[in-house]
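Heads up: the structure comes next, in structure tokens.
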Amino acid sequence: MEASDMAFFGQPEPGSPRPFSAATRAGGLIFVSGHSAPHDPARGIHRGETPADEVRNALAHIAGILAEAGSSLARVVQMTMLITDPADYAACNAEYVKHFPGGLPARHTARFGVPTQARVAFACIALADQETQDRP
């Protein structure tokens, strides 16, 4: 595979404190970087009041990134769930399973401590749609 066989989505502006793309498509797969629910109080966007709200909003954000890259939550084969507080694990799982009615992808969970107030974030690998796989 050559660099021309890869596509990058949501590349950061020069000098961004987040030096990574939202997602990369390569080899028939979509690799989505870790994302929490969007949070921009100045625009009235909030992560959510509860861990379940944050899971729902974060997965909606991931779904949007996947759609732009040529995939969907239904095509996720591996998910990473990052949580800040193990006490939120059950609440996060209760909401998480609602988003995968066709079957749960492989997953691992880890604690994270990046400089954010988010309680949960997700990263994933998904299959690209067939028509997307056929173009760089």
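The values are calculated or read from the model by the stated rules, or taken from the named source; none is laboratory data. Just so we're clear, the structure is a prediction, and the values are computed from it rather than from any experiment. Virtual Cβ from ideal backbone geometry, glycine too; neighbours counted across all protein chains shown. Heavy atoms of the whole protein, side chains included, go into the accessibility calculation; ligands, DNA and RNA do not. Shrake-Rupley method; radii C 1.70, N 1.55, O 1.52, S 1.80 Å.
Evaluate segment 53-68: report whether one residue or more is in contact with a Gly (Cβ under 9 Å, 6 or more places away or on another chain), of a type in the set (D, E, K, R) and open to solvent by 70 Å² or more (accessible area, probe 1.4 Å).
Within segment 53-68 (the criterion being in contact with a Gly (Cβ under 9 Å, 6 or more places away or on another chain), of a type in the set (D, E, K, R) and open to solvent by 70 Å² or more (accessible area, probe 1.4 Å)), the answer is yes, since at least one residue qualifies.
Just give me the residues in segment 107-130 being more than 13 Å from Arg75 (Cβ to Cβ) and in a strand (DSSP E or B), in sequence order.
Arg107, His108, Thr109, Ala110, Arg111, Val120, Ala121, Phe122, Ala123
Would segment 70-81 turn up any residue that is basic (Lys, Arg), surrounded by 15 or more Cβ atoms within 10 Å (Cβ to Cβ) and outside any strand (DSSP E or B)?
Within segment 70-81 (the criterion being basic (Lys, Arg), surrounded by 15 or more Cβ atoms within 10 Å (Cβ to Cβ) and outside any strand (DSSP E or B)), the answer is yes, since at least one residue qualifies.
When the residues of segment 14-29 are narrowed to those that are among the polar types (S, T, N, Q) and modelled with pLDDT under 95, which ends up nearest to Ile125 (Cα to Cα)?
Filtering segment 14-29 for residues that are among the polar types (S, T, N, Q) and modelled with pLDDT under 95, the one nearest to Ile125 (Cα to Cα) comes out as Ser21.
Rundown of residues vs (1) in a loop (DSSP other than H, G, I, E, B); (2) touching a helix residue (DSSP H, G or I) at 6+ places or on another chain (Cβ under 6 Å), yes/no style:
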site: Phe8; (1), (2): no, no
site: Pro12; (1), (2): yes, no
site: Pro17; (1), (2): yes, no
site: Phe20; (1), (2): yes, no
site: Thr24; (1), (2): no, no
site: Ser33; (1), (2): no, no
site: Pro38; (1), (2): yes, yes
site: Asp53; (1), (2): no, no
site: Arg56; (1), (2): no, yes
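Tell me the residue from Asp88, Asp40 that is touching a strand residue (DSSP E or B) at 6+ places or on another chain (Cβ under 8 Å) and of a type in the set (D, E, K, R), please.
Exactly one of Asp88, Asp40 is touching a strand residue (DSSP E or B) at 6+ places or on another chain (Cβ under 8 Å) and of a type in the set (D, E, K, R), namely Asp88.
I'm told Ala106 meets every condition in (1) under 20 Å from His46 (Cβ atoms); (2) surrounded by fewer than 12 Cβ atoms within 10 Å (Cβ to Cβ) except one. Can you identify the failing condition by its number?
The single condition Ala106 does not satisfy is (1).
Any residue in segment 43-62 that's more than 15 Å from Ala123 (Cβ to Cβ): show its pairings with residues that are open to solvent by 60 Å² or more (accessible area, probe 1.4 Å) and aromatic (Phe, Trp, Tyr) at Cβ separation under 9 Å, as long as the two are six or more apart or on different chains.
Listed pairs, sorted by first residue: Pro51/Tyr89.
What tally of residues in segment 61-95 results from selecting those that are over 13 Å from Ala110 (Cα atoms) and of a type in the set (Asp, Glu)?
2
For Ala67, are the conditions met, namely being touching a helix residue (DSSP H, G or I) at 6+ places or on another chain (Cβ under 9 Å) and among the small types (Gly, Ala, Ser)?
no
Determine which single condition Gly48 fails, assuming it passes every other condition in (1) part of a helix (DSSP H, G or I); (2) open to solvent by less than 60 Å² (accessible area, probe 1.4 Å).
Gly48 satisfies every listed condition except (1).
Looking at segment 11-20, can you tell me whether even one residue there is free of Cβ contacts under 8 Å to residues at least 40 places away in the same chain and of a type in the set (Ser, Thr, Tyr)?
Checked against the condition, which is being free of Cβ contacts under 8 Å to residues at least 40 places away in the same chain and of a type in the set (Ser, Thr, Tyr), segment 11-20 yields at least one hit.
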